[in-house]
Amino acid sequence: MQLLDIIIVLCRPAESGNVGAVCRAMKNMGLSRLRIVAPEAPLIEEQIRARAVHAGDVWEQAEHFATLQEAVADCPLVIGTTRRRGKKRKNLSMTPEEVAEFCFSRPGPAALVFGNERTGLDADEIALCNLASHIPVDEAFPSLNLSHAVQIYTYVLHRYFTSHELKDIPGTWKPVSQDEIERLVQTITNSLASIGFYKQAGRDLQERFFRDLFARAGITREEQMYLEGIFKKMSKLAEMNGSAYSEQSS
């Protein structure tokens, strides 16, 4: 998925100024697709443009729908933003960072849905969403302004998508992929097996340990190759020592 595949959907917005501020937040972070569903009050053009500043084009290109179901009909993935939990609202919820990672690995488009300024998304609107997401905030005052919430999500999405699209540049830190981590883990455990380390059960557990450790550490390609070199050399030394011992015994 590309950043331009992300669609911001505003359900029942009540404040024209907030809609304009959302347009500005979107354009700041390279998003341009806005859909508006059944505003609670007539949207005032002048107020929207005043808050949008130089993002008036986002407002001009916005699509308008009578229902959320119509607004997201063409979206394979719909994520509703809500701080509430419950059986009828979604038991699991992702942070903005998790949303960015999840969306990046999928084909688009994806709709990111925001509710009314006062009430948020209602139960029926949440039911139309495939996933829920929340912004971790202080429980003493958990309510966020609509445009502020949109700004947080668009910032996180822009940062994640652009950082993962960067070219390999000398000196740039770029963690290795899961496939490369798996290759390193197998190199290490194969080497340990070659010296008789796994005489008892436990290799699977240790593989998970190394896999999680390297993923959390975010090791680079150079570090991966360095570690692989160490353990491959260990295997060769073990093989040479084993051959020398066999020759001496014979």
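Go through (1) farther than 25 Å from residue 130 by Cβ; (2) within 16 Å of the chain's Cα centre (by Cα) one by one and return the number of the condition residue 52 breaks.
(2)
Specify which of the listed residues (68, 77) is closer than 14 Å to residue 6 by Cα, among the hydrophobic types (A, V, I, L, M, F, W, C) and either in the same structural domain as residue 146 (by TED's automatic domain parsing) or at pLDDT below 95 (or both). Quick ask: steps written out before the conclusion?
Working: 68 fails: closer than 14 Å to residue 6 by Cα.
Answer to the check: 77.
If I ask for residues that are in contact (Cβ under 8 Å) with a residue 60 or more places away in the chain and small (Gly, Ala, Ser), which ones from the stretch 21-59 would you list?
21, 25, 30 - these are the residues of the stretch 21-59 that are in contact (Cβ under 8 Å) with a residue 60 or more places away in the chain and small (Gly, Ala, Ser).
Taking the criterion of being free of Cβ contacts under 8 Å to residues at least 24 places away in the same chain, closer than 30 Å to residue 105 by Cα and either surrounded by 14 or more Cβ atoms within 10 Å (Cβ to Cβ) or in contact with a Pro (Cβ under 7 Å, 6 or more places away or on another chain) (or both), would at least one residue in the stretch 226-238 satisfy it? First the steps, then the outcome.
In the first step, residues of the stretch 226-238 are kept if they are free of Cβ contacts under 8 Å to residues at least 24 places away in the same chain; the result is 226, 229-230, 233, 236-237.
From what is left, the residues that are closer than 30 Å to residue 105 by Cα are 226.
From what is left, the residues that are either surrounded by 14 or more Cβ atoms within 10 Å (Cβ to Cβ) or in contact with a Pro (Cβ under 7 Å, 6 or more places away or on another chain) (or both) are none.
Scanning the stretch 226-238 turns up no residue that is free of Cβ contacts under 8 Å to residues at least 24 places away in the same chain, closer than 30 Å to residue 105 by Cα and either surrounded by 14 or more Cβ atoms within 10 Å (Cβ to Cβ) or in contact with a Pro (Cβ under 7 Å, 6 or more places away or on another chain) (or both).
Give me the pairs: first residue in the stretch 70-84 and within 18 Å of residue 137 (Cβ to Cβ), second residue in a loop (DSSP other than H, G, I, E, B) and of a type in the set (Val, Ile, Thr), beta-carbon distance under 8 Å, and six or more apart or on different chains, which are they?
Listed pairs, sorted by first residue: 81/135; 83/135; 83/137.
Among the residues that make up the stretch 239-247, is at least one of them surrounded by 15 or more Cβ atoms within 10 Å (Cβ to Cβ) and either at pLDDT 75 or above or assigned by TED's automatic domain parsing to the domain that holds residue 82 (or both)? Outline the logic, then answer.
Let us first name the residues in the stretch 239-247 that are surrounded by 15 or more Cβ atoms within 10 Å (Cβ to Cβ), namely none.
Among the residues of the stretch 239-247, not one is surrounded by 15 or more Cβ atoms within 10 Å (Cβ to Cβ) and either at pLDDT 75 or above or assigned by TED's automatic domain parsing to the domain that holds residue 82 (or both), which makes the answer no.
Report yes if residue 54 is farther than 19 Å from residue 152 by Cα, in the same structural domain as residue 149 (by TED's automatic domain parsing) and assigned to a strand (DSSP E or B), otherwise no. I'd like the intermediate steps shown before the answer.
Numbers: farther than 19 Å from residue 152 by Cα: yes; in the same structural domain as residue 149 (by TED's automatic domain parsing): yes; assigned to a strand (DSSP E or B): no.
When the stated conditions are applied, residue 54 does not pass them.
Of the conditions (1) closer than 17 Å to residue 157 by Cα; (2) in contact with a strand residue (DSSP E or B) (Cβ under 6 Å, 6 or more places away or on another chain); (3) at pLDDT below 90, residue 126 clears all except one; give me its number.
Answer for residue 126: the failing condition is (1).
Filter the stretch 1-59 down to the residues that are within 29 Å of residue 105 (Cα to Cα) and basic (Lys, Arg), then identify the one that is surrounded by the fewest Cβ atoms within 10 Å (Cβ to Cβ).
33
The values are calculated or read from the model by the stated rules, or taken from the named source; none is laboratory data. Quick caveat: nothing in here was measured; it's all calculated off a predicted structure. With ideal geometry, Cβ positions are generated from the backbone for all residues, glycine too; neighbour counts draw on all protein chains shown.
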